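Take a look at the structure below.
The values are calculated or read from the model by the stated rules, or taken from the named source; none is laboratory data. Only a predicted model underlies this, so the values are computations on that prediction, with no experimental measurement involved. With ideal geometry, Cβ positions are generated from the backbone for all residues, glycine too; neighbour counts draw on all protein chains shown.
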Amino acid sequence: MTIVEAAEVCQRLTMPVCIDLMRTSLRELEAGNYTQPLRSIALLPGGEKFGFMPACLGDCFGAKVLSAFPQNAGTKYPSHIGYVLLFEGEHGSFLGMADAAVITEIRTGAVSGVATDLLARPDAHRLAIIGAGAQGRSHLAAMTVVRDIHSVTVYDQNTQTARRYCQEMEEKFGIPVTAADSVREAVCDADIVCTVTPSREPYLESDWIAPGTHINAVGAFTPTTREVTSTLVAKARLYADQVEAMRKECGEYLVPLQEGLIGPDHIVGSLGDVLLGRVPGRSSGEEITLFDALGLAVEDVACVKYLCGGSRS
C-alpha cells in the first residue's frame, strides 16, 4: 500500500503532467472508457459537507473522500481535507491513497488549462484571476503551461492577500502581476479570465468582458451559486466538464435556464466532446467562450493512479 502525502503530491504531480492526465481523463470519460457514478454529499450539522466521489478507470477504481469546511479559509487548515483512494480492478485490493486537498488544487487548475488550450485564442497573453487563494495560484501555473502569459491582474476582497499573491507569483513565474481595486478593473483588458471564488452571487458582468475572451468559471459548484451573471452566460459559448453534471448541479447554467435567457441546447458540449471532435471549439476570434467546472471524480482518481502506480497493463 502506498500513501502519498501533500508534499510528495506537490513534488510529483507537476502542472504539465497533470494537464496531460486531465486531457486523457476527460476524453476517456466522454468516450465511455471511464465511468463515474453520481457523487454523494452529506450535509453535516454545522452546514459543512462530507463527500464521496467514486470513479472507475478501467483497470482500477477509486474515490475521493473528503470534508469541506469553508470556514477554514484564512486559517492553517485547508477548506477541503481528505484522501483519494485507489483499488485495482482485478481483485479489488487496496493500492493506496493520496492527499485529496493538493490533488484537488492541482487538477482543478489543470482542467482549466485543458479548457484554455482548447478554447482561448492562440494569441491570448493577458490573464485576470479573481480570487488570490490556492486556486488562484494553481490557475496561474496552468495558464503559463498552455499560453504565453505576458501579464496578470488579480482581484481579491482581501487586499493583503492580493498583495502577497502578487509578490509570490512574480517571484515564481517572472511575470508582472498587479492587484486591481475591483473585478471590473481586473478583467477589462484580459484575454483569459479565471474566477476561483466561493461567491454565492454572480459578479462577473457581461459589459466588462471584451469579445474574444475565454473564461474559466471554477468557484461555484451548486445549483444555486454562481460567479457569472445570466446575461454573460447567454452571450457566451458554454462548455462543461461533463454535460450531465452541468444539467443537474451548475448554477451558471440552471439559473439563466430558469430565467428563460438560454435554452437546454445552450451547452455546446464537454471538453471531452471537443477533444474527440464531436463538437467545435472556438470558431472565431470574437467569440466569448465560457468553461464552467464542477469537478469530476475521474480527475481525482486519475491523479492517484499516477501517484500510486495503479496501472497493471
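All of 132, 186, 141, 162 fail the test of being outside the structural domain of residue 53 (by TED's automatic domain parsing), hydrophobic (A, V, I, L, M, F, W, C) and over 29 Å from residue 11 (Cβ atoms), apart from 186. Please determine whether any residue of the range 65-72 is in contact with a helix residue (DSSP H, G or I) (Cβ under 9 Å, 6 or more places away or on another chain), touching a residue at least 60 places away in the same chain (Cβ under 8 Å) and either over 24 Å from residue 215 (Cα atoms) or in a helix (DSSP H, G or I) (or both). Within the range 65-72 (the criterion being in contact with a helix residue (DSSP H, G or I) (Cβ under 9 Å, 6 or more places away or on another chain), touching a residue at least 60 places away in the same chain (Cβ under 8 Å) and either over 24 Å from residue 215 (Cα atoms) or in a helix (DSSP H, G or I) (or both)), the answer is no, since none of the residues qualifies. The single residue among 31, 6, 42 that is more than 18 Å from residue 145 (Cβ to Cβ) and touching an Asp or Glu at 6+ places or on another chain (Cβ under 8 Å) turns out to be 6.
Selection of the range 167-211 for residues being over 12 Å from residue 132 (Cα atoms) and among the hydroxyl-bearing types (Ser, Thr, Tyr) yields 182, 199, 203, 206.
Any residue at all in the range 221-230 that is surrounded by fewer than 24 Cβ atoms within 10 Å (Cβ to Cβ) and touching a Phe, Trp or Tyr at 6+ places or on another chain (Cβ under 6 Å)? Within the range 221-230, not a single residue is surrounded by fewer than 24 Cβ atoms within 10 Å (Cβ to Cβ) and touching a Phe, Trp or Tyr at 6+ places or on another chain (Cβ under 6 Å). Taking first residues from the range 268-282 that are on the phi < 0 side of the Ramachandran plot and of a type in the set (Gly, Ala, Ser) and partners that are in a strand (DSSP E or B) and modelled with pLDDT of 95 or more, the Cβ contacts under 9 Å between residues at least 6 apart in sequence or on separate chains come to 270/239; 270/240; 281/237; 281/239; 281/268; 281/289.
Filter the range 233-261 down to the residues that are aliphatic (A, V, I, L, M) and surrounded by fewer than 23 Cβ atoms within 10 Å (Cβ to Cβ), then identify the one that is farthest from residue 27 (Cα to Cα).
261
May I ask you to verify whether residue 102 is under 20 Å from residue 8 (Cα atoms), under 20 Å from the mean Cα position of the chain (by Cα), surrounded by 20 or more Cβ atoms within 10 Å (Cβ to Cβ) and β-branched (Val, Ile, Thr)? Don't jump to the end; show me each part of the working.
On the way: under 20 Å from residue 8 (Cα atoms): yes; under 20 Å from the mean Cα position of the chain (by Cα): yes; surrounded by 20 or more Cβ atoms within 10 Å (Cβ to Cβ): yes; β-branched (Val, Ile, Thr): yes.
Judged against the criteria, residue 102 is a match.
Taking the condition closer than 17 Å to residue 156 by Cβ and in a helix (DSSP H, G or I), does residue 201 pass? No, not satisfied.
Contact annotation: residue pairs with Cβ atoms under 6 Å, 6 or more positions apart or on different chains, pairing a residue in the range 209-231 that is closer than 11 Å to residue 253 by Cα with a partner that is hydrophobic (A, V, I, L, M, F, W, C) and surrounded by fewer than 17 Cβ atoms within 10 Å (Cβ to Cβ), are 230/261. Whenever a residue of the range 287-298 is in contact (Cβ under 8 Å) with a residue 12 or more places away in the chain, its partners that are buried (at least 21 other Cβ atoms within 10 Å of the Cβ) and aromatic (Phe, Trp, Tyr), lying with C-beta atoms within less than 6 angstrom and at least six residues away or across chains, give the pairs 291/239; 298/34. As a summary of the residue check, residue 208 satisfies the conditions (1) crowded, with 20+ Cβ neighbours inside 10 Å; (2) over 19 Å from the mean Cα position of the chain (by Cα); (3) at pLDDT below 95 except for the one numbered (3). Being surrounded by fewer than 20 Cβ atoms within 10 Å (Cβ to Cβ), modelled with pLDDT of 95 or more and touching a helix residue (DSSP H, G or I) at 6+ places or on another chain (Cβ under 9 Å) is true of residue 28.
Taken residue by residue, the range 66-81 has no member that is at pLDDT 95 or above and either in the same structural domain as residue 304 (by TED's automatic domain parsing) or within 24 Å of residue 157 (Cβ to Cβ) (or both).
Find the residue count for the range 237-263, including only residues that are of a type outside the set (D, E, K, R) and closer than 23 Å to residue 212 by Cβ.
Qualifying residue count, the range 237-263: 7.
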